[in-house]
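Notes for the one structure printed next.
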Number of protein chains: 2
Amino acid sequence: MKAGALELGEGSKTSIPRGGVNRGISILDFILRLIAIIGTLGSAIAMGTTDETLPFFTQFIRFRAQYDDLPTLTFFVIANSIVSGYLVLSLPMSIFHIVRSGARASRIVLIFLDTAMLGLLTAAASAASAIVYLAHKGNAQANWFAICQQFKSFCERISGSLIGSFGGIILFILLVLLSSVALSRC
Amino acid sequence: MKAGALELGEGSKTSIPRGGVNRGISILDFILRLIAIIGTLGSAIAMGTTDETLPFFTQFIRFRAQYDDLPTLTFFVIANSIVSGYLVLSLPMSIFHIVRSGARASRIVLIFLDTAMLGLLTAAASAASAIVYLAHKGNAQANWFAICQQFKSFCERISGSLIGSFGGIILFILLVLLSSVALSRC
């Protein structure tokens, strides 16, 4: 009888700090998601509102640069909007994990969705970087000229909007790591 | 005493199928890693050996296309080599998980590394896709011309080599999911 009571005591002793650590992880998860929303939404808005009209004529016929001239940048805006939308929808799940720190199935679902969104965001950010790099440097072998001499403010804007996305990628990797640590302690 | 024996029996009953499922997951993990090695290594080799010399002169000065003319494609080859190297090194870990299906810490490490490699591979594949798309279609607004009219076999080769990478991305998402399922059952 005594041994049984001791075992029961041991069990509840180890389960209380476990729940506490998991709650802490879930709160951190919630905060990281809020930061990621700001980053991705900021990127989408910064890129989506980019528009430059040159005050003079150049040797090219057009003298206006917008983000949707390049399909890759349109994809960037769409992907960042999808990811920030997903992050807003995942906030209730994150709150649920703060309340119920022992939940398992919902954590696996969240790891899977987070990983998929990490893939989408990385794809959008790196494809956009490849195009932004080309806009800055051009490529002599392929006869693609740098367009940043003509469109300076446009180029600065599209370069800056990448920052939020790459921040979001790092946050997603952290979120997956945190969820798997919490899962192993359930 | 009887109740204690019953409890012990219950415990071992539930732990055997759990271990069995985890072993199955670990074996599947090992097979998926082998497929991913073939995909990413194949992509790296297909892209790295691309080289086309045109049999005639064009209006451009150069008449030879290689993958390292475009920095993004060089990044693609390097990233695919790194990921396939990582996958080879992760095989012993995967075998360790087949033998010891209850391992936790090493699974968390593997989830983290897998997610990081997923990020690297996605970045490389999508940046290369953005450039391949540009090579095929060009962009009238930025005055970038399609180069695929001149370099047909080069374009087919670089388009085909993307397939292995995108297959690898899907496999990595599955690997992270499998690891987290196994982790929740430890």
Checklist line | Subset of region B:166-177 (residues that are hydrophobic (A, V, I, L, M, F, W, C) and either closer than 12 Å to B:I108 by Cβ or open to solvent by 20 Å² or more (accessible area, probe 1.4 Å) (or both)) | finding: B:F166, B:I170, B:L171, B:I173, B:L174, B:V176, B:L177
Notebook entry, point to check: Quick check: anything in region B:142-161 at positive phi and either more than 9 Å from chain A (Cβ to nearest Cβ) or open to solvent by less than 20 Å² (accessible area, probe 1.4 Å) (or both)?
Noted result: no
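Residue-wise test of (1) under 20 Å from B:M117 (Cα atoms); (2) at pLDDT below 90; (3) assigned to a helix (DSSP H, G or I).
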residue: A:T74; (1), (2), (3): no, no, yes
residue: A:C148; (1), (2), (3): no, yes, no
residue: A:S165; (1), (2), (3): yes, no, yes
residue: A:I170; (1), (2), (3): yes, no, yes
Next item on the list: Output the residues belonging to region B:108-133 that are farther than 21 Å from B:C155 by Cα, open to solvent by 10 Å² or more (accessible area, probe 1.4 Å) and more than 7 Å from every other protein chain (Cβ to nearest Cβ).
Entry: B:V109, B:L113, B:M117, B:L120
Notebook entry, point to check: Looking only at residues in region A:18-48 that are of a type in the set (G, A, S) and within 17 Å of A:F76 (Cβ to Cβ), which one is surrounded by the most Cβ atoms within 10 Å (Cβ to Cβ)?
Noted result: A:S43
Notebook entry, point to check: Are there any pairs, at least 6 apart or on different chains, whose C-beta atoms fall under 6 Å, with the first in region B:77-103 and under 11 Å from B:R23 (Cα atoms) and the second in a helix (DSSP H, G or I) and among the polar types (S, T, N, Q), and if so, which?
Noted result: B:H97/B:S26; B:I98/B:S26; B:S101/B:N22
Item checked: Counted residues, region A:76-87 - those being under 15 Å from A:M117 (Cβ atoms) and touching a helix residue (DSSP H, G or I) at 6+ places or on another chain (Cβ under 6 Å) -> 8
Notebook entry, point to check: Within region A:95-105, is even one residue hydrophobic (A, V, I, L, M, F, W, C), under 28 Å from B:F75 (Cβ atoms) and within 11 Å of another protein chain (Cβ to nearest Cβ)?
Noted result: no
Next item on the list: For residues that are part of a helix (DSSP H, G or I) and crowded, with 16+ Cβ neighbours inside 10 Å, scanning just region B:49-72, find the one that is modelled with the highest pLDDT.
Entry: B:T72
Next item on the list: Return the only residue of B:S184, B:S180 being among the polar types (S, T, N, Q), surrounded by fewer than 19 Cβ atoms within 10 Å (Cβ to Cβ) and touching a helix residue (DSSP H, G or I) at 6+ places or on another chain (Cβ under 9 Å).
Entry: B:S184
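The values are calculated or read from the model by the stated rules, or taken from the named source; none is laboratory data. As the structure is a prediction and not an experimental result, all values here were calculated from the model. Neighbour counts are summed over all protein chains in view; Cβ atoms, including those assigned to glycine, are modelled from backbone coordinates with ideal geometry. Just so you know, the surface numbers come from the protein's heavy atoms only, side chains and all, with ligands and any DNA or RNA stripped out. Shrake-Rupley method; radii C 1.70, N 1.55, O 1.52, S 1.80 Å.
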